[in-house]
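Note sheet for the following structure.
The values are calculated or read from the model by the stated rules, or taken from the named source; none is laboratory data. Owing to the predicted nature of the structure, the values given are computational and were not obtained by experimental measurement. Cβ: placed from backbone, ideal geometry, glycine included. Neighbour counts: every protein chain shown.
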Amino acid sequence: MRTITYHQQGDAARVLRMHEQPEPPAPAAGQLVVRVLARPIHPGDLAGVEGVPGGPRQRFATPRIPGVEGMGVIKAVGGGVPDLRPGQRVAFFPVPGAWSEFVTVPADLAVPVPDGVSDKSAALMLVNPLTLLTLLRAVEDAQHSQAGPVVQTAAGSSIGKLVSVAALKHGIPLVNLVRSATGAQTLRQRFPGLPTISTADADWRTQVQDATGGRGAQVVLDAVGGSLTGELAGLLADGGTLITYGQLGSGSTPLESLALTPRALTVRGASIGRWMTRTPEERAEDVSFAARLAESAPDLFEVAAGYDLADFAKAIDHVRRPGKSGTVLLTSPAS
Ligand SMILES: NC(=O)c1ccc[n+]([C@@H]2O[C@H](COP(=O)([O-])OP(=O)(O)OC[C@H]3O[C@@H](n4cnc5c(N)ncnc54)[C@H](OP(=O)(O)O)[C@@H]3O)[C@@H](O)[C@H]2O)c1
């Protein structure tokens, strides 16, 4: 089978290689072998390959395979898995090694794909909705003592659009930030009910202040970080919370520059990496939310383009293209 591997963290275009490897062995009890048809390239997958900006780059004794999410067709079912059968479509997360033609999946991490959901939507069915739930819980915690406006960065991202839909549904006073005038125009057309501001405007900080009714934000939901962090902390009302969940930007901001103490600000992270600490019942509820969303709102599972696994370098270039809308998939044939 074909698989993408890396031995050492570094520039993804340089360190990733395609290899032929033996297919996984027959599944053990409680496992499945899945022929993967499509897997997303998430920014987090590339961050795993590249390492923390400015940090040490790890070398691995055995090669790593990127990817934690995907969809495919069950090839074989191990013992003790009565409710899944070969030929059935499933989505899976978190399963390391999704950038391979076959993966071994613990049966409890495989989610049957509803009939009305396309293969493409199914490939994105789990990580983004589960991230949305993680972020909404973090926002709710942050607003526990004092509710108020929420500002989000990278609002045109796949996650950002899910946040916008949820804000409109739940009446969260959301202000969207994007980095370009074109991005702002596109998002205003998509979500006319939400203020959208471009950080390319010289007066963007004043526009945010106005959009929050002069109060400042109670919460900033940030996927950009880096040198923007100081500006974002400046948008918060005293007592507000900066929730960081991504690092799309460059540069850095010293913690000491954020006036955390005099303004009683909180900075916290939010990560889907903690999702497995939820109880099995809670995870089952989250997964059925994700599957229902994929069925009812396929437009929220937008695919920017699909590339064969062999064209991973072109696919990664596409992921990094400014103005891209939706998620890039790596595909492999059904037989
Ligand atoms: N913490 C978690 O558990 C978790 C889970 C999933 C995703 N995430 C994070 O969520 C974020 C969004 O992921 P996604 O898959 O939804 O992304 P996506 O669909 O690929 O969209 C990326 C967006 O980020 C914008 N962007 C890129 N670089 C930027 C920069 N330097 N400054 C401002 N905006 C920038 C792009 O804007 P343009 O349109 O202008 O190009 C685009 O709208 C990522 O940071 C990702 O790592 C975190």
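The helices (runs of 4 or more DSSP H) falling completely within region 194-270 that include 2 or more residues that are within 14 Å of the ligand (Cβ to nearest atom) map to 229-235.
Looking across region 71-83, the residues that are buried (at least 16 other Cβ atoms within 10 Å of the Cβ) and either of a type in the set (Asp, Glu) or over 14 Å from residue 40 (Cβ atoms) (or both) come down to 73, 74, 75, 76, 77, 78, 81.
All of (1) more than 19 Å from residue 42 (Cα to Cα); (2) surrounded by 18 or more Cβ atoms within 10 Å (Cβ to Cβ) hold for residue 189 with one exception: (2). When region 305-323 is filtered for residues that are over 26 Å from residue 109 (Cβ atoms) and in a strand (DSSP E or B), only 305 remains.
Conditions (1) under 27 Å from residue 14 (Cβ atoms); (2) buried (at least 17 other Cβ atoms within 10 Å of the Cβ); (3) modelled with pLDDT of 95 or more, marked per residue:
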residue	(1), (2), (3)
232	no, yes, yes
244	no, yes, yes
269	no, no, yes
289	no, no, yes
305	yes, no, yes
310	yes, no, yes
327	yes, yes, yes
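For region 206-225, filtering for residues that are surrounded by fewer than 15 Cβ atoms within 10 Å (Cβ to Cβ) and of a type outside the set (Val, Ile, Thr) leaves 4. Taken together, the residues in region 165-189 that are more than 12 Å from the ligand (Cβ to nearest atom) and either assigned to a helix (DSSP H, G or I) or not small (Gly, Ala, Ser) (or both) amount to 12.
Look at (1) within 12 Å of the ligand (Cβ to nearest atom); (2) farther than 29 Å from residue 53 by Cα; (3) touching a strand residue (DSSP E or B) at 6+ places or on another chain (Cβ under 7 Å) and you find that residue 147 fails only one, number (1).
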